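Structure first, commentary second.
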Amino acid sequence: MTTPGGDWLVLALLLPVAGVLLSFFVGGRYGGRIALVALLLGAAVTVAIGAALIERGDALVYAIGGWAPPLGILLRADGLSLAMLATSNVVLIAIVLYAQADFTPPAGVAEARAPFVFWTLLLGVWAGLTVVVLAADLFTLYVALELLTFAAVPLVSLEGRADTVQAALRYLLYALAGSVLYLLGAALLYGAYGTLDIGQLARVARAEPVSVVALALMTAGLLAKTALFPLHLWLPPAHAGAPAAASALLSALVVKGSFFLVLRLWLDALPAVVTLAAAQGLAALGAAAIVFGSAVALRQARLKPMIAYSTVAQLGYLFLMLPLVLGAAAAGQSTATALTGGMMQLASHATAKAAMFMAAGLVYAGLGHDRVADLGGLARTLPMTVWAFALAGIALIGLPPAGGFLAKWLLLSASLATGQWWWVLVLAGGGLLTAAYVVQVLMRALATDAPPPALLAPVARSRQMVVLGLALLSMLLGLLAWAPVDVVPLGRATSVLEAR
């Protein structure tokens, strides 16, 4: 069952695992270099996977040990996988470059706890995400999700403060509850159909009580891990309390892993079980998240909590993808527009939000605080950082030529094509709400009637350039509209969903 190019999938998995092991044995002093080299190699492998996927025009598959499901385990990469792999690589490389200054043991110290833990966990998050993206059976995905969770939770409490430990424990409880629900649903599916392979489930699962209950349980568990409103309570304190590099990692990538599993479950594993009405319900929760998260973000006195509540809001956009894809499939239309729009929103948010959190970290490092009210004149003190925040904010708002604009345009087009006009109102209103809290910060930072704040500590120009580069990338993603190939639908032509 292994296809040409399938061997690249194995290498994509081996690189982060080898990085974790090497970082664990070598220690934190060299952990950043190990992570950077491994990620650069991983980016090259992702390019090779993309080239093989485009050349083949269909999904890449690798059968581990040569065994076919249900006894064997498949690795599978389609256009959705490629988009996630590319996004993860780019964001992780930027975070590694940014975090070198924060997580390198001081001169004369052979080893320190924080660098050792951070680099090992960062590589663990990368490994977990890679398995989530490439695994093709629900139990392997469960294992990957647990690896991702147990690598992410300690990042919240890395500084060891009482409030961050409490936030990490709350995150852990939500994540464990989500895992229990997911595993219970998987057990029901295995008992009913004798397989957890996604392709086989798509062929044999029917809309009967056991599969409906399993879908509901697994979806609820994944929503808890994704922090979709109203299951978001763990996210703001966890993301706001972590170190800036860890916050960027958690917000940009970790929560996307469980969302990606929602896509696999709804669109690939159980297409005969999901309904458009249920998808509308999830999207309604997404719309509520946009309104609630934006409203609370406007009221925050500090920059990092504001960005954390912005994540609650921005995650809501991702769930608009489900009714648009199902609506297009039900109408006999191509699902490519909705799929590409949703994945573009994911990539745009990941790059912009990572840049925002890292910019907030530089503000805190330079000023000793991140109080929004006291940022007057910041643009004259840290102009590059403020520019990065502004570009990331533009991407989140969805103004051209940002990736967020292209994402919202595609989602708007899919809404109108499927007759679901109400999501147009949500997308437009969400952009205005995002603009409100982004402009609130920029007006203070660009103010000229206040003396510029003095820096308590120097902020390295190289770190500011990393953040600005990532924010600029979030703007340039919109240029993918002129790409010769839309890679997201690749490998999905034979999806059961397409045949509905």
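Some observations on this one:
- When each of Thr149, Thr104, Thr2 is scored by the number of other beta-carbon atoms lying within 10 Å, the sequence from fewest to most is Thr2, Thr104, Thr149.
- Peptides 320-328, 156-164 ordered by packing proxy, namely the average of other Cβ atoms within 10 Å per residue, highest first: 320-328, 156-164.
- The slack in the chain from Thr275 to Val117, taken as 0.36 nm per residue of separation less the alpha-carbon distance, amounts to 52.6 nm.
- Length available on full extension from Tyr30 to Leu173: 0.36 nm per residue minus the Cα-Cα distance, which gives 48.2 nm.
- The simple spin-label model puts a point 7 Å past each Cα toward its Cβ; for Ala454 and Ser334 those points are separated by 6.1 nm.
- Approximate spin-label separation Ile54-Ala288, in nm, with each point projected 7 Å along Cα-to-Cβ: 4.3 nm
- Rg(Cα) / (2.2 N^0.38 Å) computed for region 75-208, rounded to two decimals: 1.30
- For the chain, the 222 nm mean residue ellipticity estimated from helices alone, with every DSSP H stretch of n ≥ 4 adding -39500 (n - 2.57) and the total spread over all residues, rounds to -23000 deg cm²/dmol.
- The charge dipole of the chain, taken about its Cα centre with unit charges on the Cβ atoms of Lys, Arg (+1), Asp and Glu (-1) only, comes to about 720 debye.
- Charge dipole of region 275-500 about the Cα centre (unit charges at C-beta), most positive-ward option of Ala460, Thr311, Ser415: Ala460
- Here r is the Cβ-Cβ distance between Ala18 and Ala162 and R0 is 22 Å; the resulting FRET efficiency, rounded to 0.05, is 0.05.
- What the Cα convex hull of the chain gives, in volume per residue, is 127 Å³.
- Cα-Cα separations in region 246-372 greater than 17 Å, expressed as whole percent: 61 percent
- Exposure rule at most 12 other beta-carbon atoms within 10 Å, DSSP loop chymotrypsin sites (Phe, Trp or Tyr not before Pro): the chain longest free segment: 68-420
- The convex hull around the C-alpha trace of region 275-500, projected and averaged over every direction, spans 12.5 square nanometres.
- Inter-part distance, region 5-24 to region 427-476, computed on C-alpha centroids, equals 36 Å.
- Given R0 = 45 Å, the distance between the Cβ atoms of Ala447 and Ala481 translates into a calculated FRET efficiency of 0.80.
- Spin-label pair Val210/Val10, simplified geometry with 7 Å Cα→Cβ offset, distance in nm: 3.5 nm
Coordinate-derived values only; no laboratory data. Just so we're clear, the structure is a prediction, and the values are computed from it rather than from any experiment. Cβ coordinates were reconstructed from backbone atoms using ideal geometry, including for glycine residues, and neighbour counts include every protein chain displayed.
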